[in-house]
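To start, the structure itself, in structure tokens.
The values are calculated or read from the model by the stated rules, or taken from the named source; none is laboratory data. Note that the structure is predicted; figures quoted are calculated from it, not measured. For neighbour counting, all protein chains shown are included, and Cβ atoms are generated from backbone atoms with ideal geometry for every residue, glycine included.
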Amino acid sequence: MRFRELVLENVGLYDGCHTFDLETVPAEGANVVAILGHNGGGKTTFLDAIRLVLYGRRALGPRTAQSTYEEHLLRKISATAATREAAITLSFVRVENGQQVNYTVKRAWSSRGKSVVETLDLIREGHPISDLERAEYAQYVEELVPPGLSQLFFFDGEKIQEIADDDGSLGLRDAIRSLLGLDIIDQLQTDLTVYTSRRADQDSSGNIDRLLSEQERLRQELATQQDLRAELQSKCDQAARRVERSEAAYRNEGGRQALSREDVLTKLRSAEIDQSELSTQLKRAANDLLPLGLAPTLVQHFYQTCTEARQGTHAIAIRAFIDAFERQSSIPNEKGNIWSSQHFDDLRAVTKGDAGGQGPRLLAEPDWILRRLDCLTDGRQEEVTSLADRFDRNRELRAKLKRELEGFDTGQAEQALSALKEAERTLGGLERDLQFCDEGIDRLLRDIEAIERKFRSEEAALKKLAQEERGIALAVRAQTALSSFGVALLEDRISRLKAEFVDCFNRLSRKKSLVSSVEIDPADFSVSLIGSDGITIEKNSLSAGERQIYAISMLWALGKTSGRQLPIVIDTPFSRLDQSHRLAIVRDYLPTASHQVILLCTDTEMTPSLAKSLGAHVARTYKLEATAEARRTTLFPVGDLSAELV
């Protein structure tokens with residue numbers, strides 16, 4: 001395939017009609033079309049336009065909602081266009097049965113209020129294809145250039161980064177299998193299975209047909225559910241943005257005040273709880289010694305009285321002891337009495353026992369009373385005082401918060417609050433619908449997996465029964481041969497891919513001996529780099545530029561291994577590369593990557609030295625210049641790439 005011309009009409013920054021002549025002269029070594037422009041000048045729009053004209057909604061992804069696609073088309077219409085209409089026309093040549101066949105694909109759309117009207121025209125050799133219905137045009141174009149395959153030929157920095165990060169996605173794996181021709185083996189195996197099922201006994205054939213029918217039904221239902229999910233996700237995103245706008249309106253209409261009121265209410269409830277707790281503690285203290293703390297003078301007098309009462313009690317006890325001792329001494333004994341009455345009188349005078357019995361009368365032991373009074377001086381009184389102070393402060397806080405509540409007026413925010421609640425309810429309902437949709441998708445995936453298991457089981461049974469029929473036997477032998485051939489083909493393609501990759505990488509890398517070999521997993525095509533010392537090189541140990549060289553080398557090696565003749569469109573390949581790596585790509589990759597290479601880059605990437613190296617291989621050069629407002633761009637054909645950058 002070779003692109004001939006791309007025409008953009010009111011697409012993005014391309015206001016009006018802009019025509020790119022993309023013809024190259026590979027026989028003379030001029031296989032590159034260079035398109036230069038500043039950031040935001042329309043380079044990415046060029047690449048997106050090729051994808052959009054060929055694949056329509058599928059250009060945005062396999063499960064893009066129709067509403068999202070229509071919004072994308074509306075955004076693609078030039079903001080400065082006189083009419084709300086746009087179109088992309090791509091002309092290309094393709095070899096069919098040894099003959100070159102010219103095709104033209106035109107995708108046009110226009111705004112009709114809130115909806116979009118889209119048309120797709122397909123012309124072959126100057127005439128509409130008569131043997132196809134218009135509804136079949138899209139599928140026919142996809143068969144000419146499969147979407148999965150195109151991602152390895154029309155790529156930008158994001159795709160390069162995906163490969164550099166070894167994403168291992170199913171889409172990338174399937175694209176590589178298709179590029180290497182391995183998908184044909186899988187399709188042949190499936191076709192032979194269907195053939196043997198229809199040739200086998202009626203019951204088994206019926207089972208296979210039933211399973212295929214059920215599988216197709218489930219896949220269609222799955223596609224419908226996934227489209228519905230995309231629609232729901234789009235609506236959820238819109239509802240989320242509506243909630244954000246409602247929240248902003250609510251705050252602007254007094255919502256901040258209402259939120260502050262909620263904060264004050266929270267503080268007031270906390271103060272009420274504290275007040276109740278402090279009141280309980282004060283009541284507990286009031287039932288103990290707290291009242292005595294209010295009369296310190298009276299307590300001091302009472303303390304002194306208790307002290308005197310204790311002394312009087314002691315004096316009575318001493319006098320009773322002296323009296324008993326005197327009586328004991330008055331009894332005659334062998335040793336004689338050495339204590340006289342005078343002795344006992346002197347002893348009583350010393351102990352001052354004559355004061356005893358004159359103190360106050362107490363209802364409790366003086367020692368117990370004094371111990372209780374001592375508690376008033378061990379810090380408890382200060383604790384109670386602190387408790388009372390906290391009670392007073394909390395009471396003042398409650399009064400202040402109540403006054404603040406009386407000053408709030410949230411009536412002006414009620415309408416905005418109602419709109420916010422409605423938006424939140426809508427979002428909640430959509431999120432529930434999205435969850436139910438996800439559950440339905442999971443259930444369908446499980447059902448499809450179960451059908452596939454039954455299909456494989458029936459397939460194995462059919463192969464066993466098919467041995468009695470010659471046709472079926474031949475088909476089984478063909479399947480066996482295909483399996484062996486598929487394994488051998490995969491090994492051969494991987495072996496060639498490994499050799500091509502090492503050669504490509506070492507040609508582009510500044511470190512020529514960095515990679516000596518690679519290991520490629522045949523299941524997911526993940527790559528392990530082996531250094532010259534035989535040790536595996538972790539990809540995360542490579543610099544950002546080396547990872548980009550790795551990705552470009554893999555794309556280059558895949559193209560060389562496949563033998564497919566497709567144009568390569570590459571957007572800003574030099575963004576993370578130093579000058580030596582850029583020079584290697586310009587010198588070694590671009591001139592040999594394909595018979596037609598369309599290079600999109602900024603003028604800062606394409607330096608004069610790079611332009612000089614690439615100049616001999618450039619068939620055409622275009623320069624994109626955006627206006628100061630960056631709302632439209634102008635296309636200028638340039639005669640000499642090197643002269644343009646001097």
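Checking Ala488 against (1) within 34 Å of the chain's Cα centre (by Cα); (2) more than 30 Å from Arg582 (Cβ to Cβ); (3) modelled with pLDDT of 80 or more: exactly one of these is not met. Which one?
(1)
Of the residues Glu422, Glu396, which single one is at pLDDT 80 or above, of a type outside the set (A, V, I, L, M, F, W, C), within 23 Å of Ser270 (Cβ to Cβ) and part of a helix (DSSP H, G or I)? Show your work before the answer.
Working: Glu422 fails: within 23 Å of Ser270 (Cβ to Cβ).
Unique residue meeting the criteria: Glu396.
Right, Asp121: more than 22 Å from Gln66 (Cα to Cα) and either assigned to a helix (DSSP H, G or I) or modelled with pLDDT of 75 or more (or both) or not? Spell out how you get there, then give the answer.
Numbers: more than 22 Å from Gln66 (Cα to Cα): no; either assigned to a helix (DSSP H, G or I) or modelled with pLDDT of 75 or more (or both): yes.
So Asp121 does not fit the description; no.
Counting only residues that are among the acidic types (Asp, Glu) and surrounded by 13 or more Cβ atoms within 10 Å (Cβ to Cβ), which one in region 211-225 is nearest to the chain's Cα centre (by Cα)?
Glu221
Quick one: in region 545-581, which of the residues that are in contact with a helix residue (DSSP H, G or I) (Cβ under 9 Å, 6 or more places away or on another chain) and over 26 Å from Met606 (Cα atoms) is surrounded by the fewest Cβ atoms within 10 Å (Cβ to Cβ)?
Arg564
Residues being more than 30 Å from Asp227 (Cα to Cα) and aliphatic (A, V, I, L, M): count how many of those fall in region 19-63.
Within region 19-63, the first condition is being more than 30 Å from Asp227 (Cα to Cα), and the residues that meet it are 19-43.
From what is left, the residues that are aliphatic (A, V, I, L, M) are 22, 25, 27, 30, 32-36.
Summing the residues that are more than 30 Å from Asp227 (Cα to Cα) and aliphatic (A, V, I, L, M) in region 19-63 gives 9.
Taking region 507-516 as the region of interest, how many residues are hydroxyl-bearing (Ser, Thr, Tyr) and surrounded by fewer than 19 Cβ atoms within 10 Å (Cβ to Cβ)?
2
Of all residues in region 196-210, how many are modelled with pLDDT of 70 or more and surrounded by fewer than 17 Cβ atoms within 10 Å (Cβ to Cβ)?
Adding up the residues that qualify gives 2.
State which residue pairs qualify: first residue farther than 15 Å from Gln66 by Cα and inside region 224-244, second residue among the hydroxyl-bearing types (Ser, Thr, Tyr) and surrounded by 14 or more Cβ atoms within 10 Å (Cβ to Cβ) in any location, beta carbons under 8 Å apart, and separation of 6 or more residues or different chains.
What qualifies is Ala239/Thr426; Arg242/Thr426.
With Ala34, Ala59 as the choices, which residue is farther than 24 Å from Leu144 by Cβ and not in a loop (DSSP other than H, G, I, E, B)? Can you show your working first?
Details: Ala59 fails: farther than 24 Å from Leu144 by Cβ.
Within the list Ala34, Ala59, the selection yields Ala34.
For the condition modelled with pLDDT of 95 or more and either buried (at least 17 other Cβ atoms within 10 Å of the Cβ) or out of contact with any Phe, Trp or Tyr (no Cβ under 9 Å at 6 or more places or on another chain) (or both), what is the one hit in Ile88, Ile50?
That would be Ile88, the only listed residue that is modelled with pLDDT of 95 or more and either buried (at least 17 other Cβ atoms within 10 Å of the Cβ) or out of contact with any Phe, Trp or Tyr (no Cβ under 9 Å at 6 or more places or on another chain) (or both).
Suppose we keep only residues that are modelled with pLDDT of 60 or more and polar (S, T, N, Q) within region 167-195. Which one would you say is nearest to Ala473 (Cα to Cα)?
Step by step, filter region 167-195, then rank; the result is Thr193.
So, in region 539-571, exactly how many residues are under 25 Å from the mean Cα position of the chain (by Cα) and of a type in the set (Asp, Glu)?
Summing the residues that are under 25 Å from the mean Cα position of the chain (by Cα) and of a type in the set (Asp, Glu) in region 539-571 gives 0.
Looking at region 563-577, can you tell me whether even one residue there is over 21 Å from Pro146 (Cα atoms) and touching a Pro at 6+ places or on another chain (Cβ under 9 Å)?
No, every residue in region 563-577 fails to be over 21 Å from Pro146 (Cα atoms) and touching a Pro at 6+ places or on another chain (Cβ under 9 Å).
Report the residue count in region 476-502 for those that are within 18 Å of Ser197 (Cα to Cα), free of Cβ contacts under 8 Å to residues at least 24 places away in the same chain and among the polar types (S, T, N, Q).
Residues that pass the stated criteria total 1.
Might you let me know whether region 91-104 holds any residue that is charged (D, E, K, R) and over 27 Å from the mean Cα position of the chain (by Cα)? Please lay out each step first, then the result.
Just the residues of region 91-104 that are charged (D, E, K, R), to begin with: 94, 96.
Remaining after also requiring over 27 Å from the mean Cα position of the chain (by Cα): 94, 96.
So far as region 91-104 goes, yes, one or more of its residues are charged (D, E, K, R) and over 27 Å from the mean Cα position of the chain (by Cα).
Could you say whether any residue in region 404-413 is at pLDDT below 60, surrounded by 15 or more Cβ atoms within 10 Å (Cβ to Cβ) and within 30 Å of Phe321 (Cα to Cα)?
No, because not a single residue in region 404-413 is at pLDDT below 60, surrounded by 15 or more Cβ atoms within 10 Å (Cβ to Cβ) and within 30 Å of Phe321 (Cα to Cα).
Kindly evaluate Leu144 against the criterion of being more than 30 Å from Leu577 (Cβ to Cβ) and either out of contact with any His (no Cβ under 6 Å at 6 or more places or on another chain) or modelled with pLDDT under 85 (or both).
Taking the combined requirement at face value, the residue satisfies it.
Which members of region 371-393 meet the condition of being over 25 Å from Glu277 (Cβ atoms) and either small (Gly, Ala, Ser) or at pLDDT below 70 (or both)?
Matches in region 371-393: Arg372, Leu373, Asp374, Thr377.
Of the residues in region 83-123, how many are among the aliphatic types (A, V, I, L, M) and within 19 Å of Asn10 (Cα to Cα)?
The total comes to 9.
For (1) surrounded by fewer than 16 Cβ atoms within 10 Å (Cβ to Cβ); (2) modelled with pLDDT of 85 or more; (3) in contact with a Cys (Cβ under 8 Å, 6 or more places away or on another chain); (4) not charged (D, E, K, R), each residue gets a yes or a no:
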site	(1), (2), (3), (4)
Glu500	no, yes, no, no
Phe505	no, yes, no, yes
Val518	no, yes, no, yes
Ser526	yes, no, no, yes
Asp533	yes, no, no, no
Ile537	no, yes, no, yes
Ser543	yes, no, no, yes
Ala584	no, yes, no, yes
Ala593	no, yes, no, yes
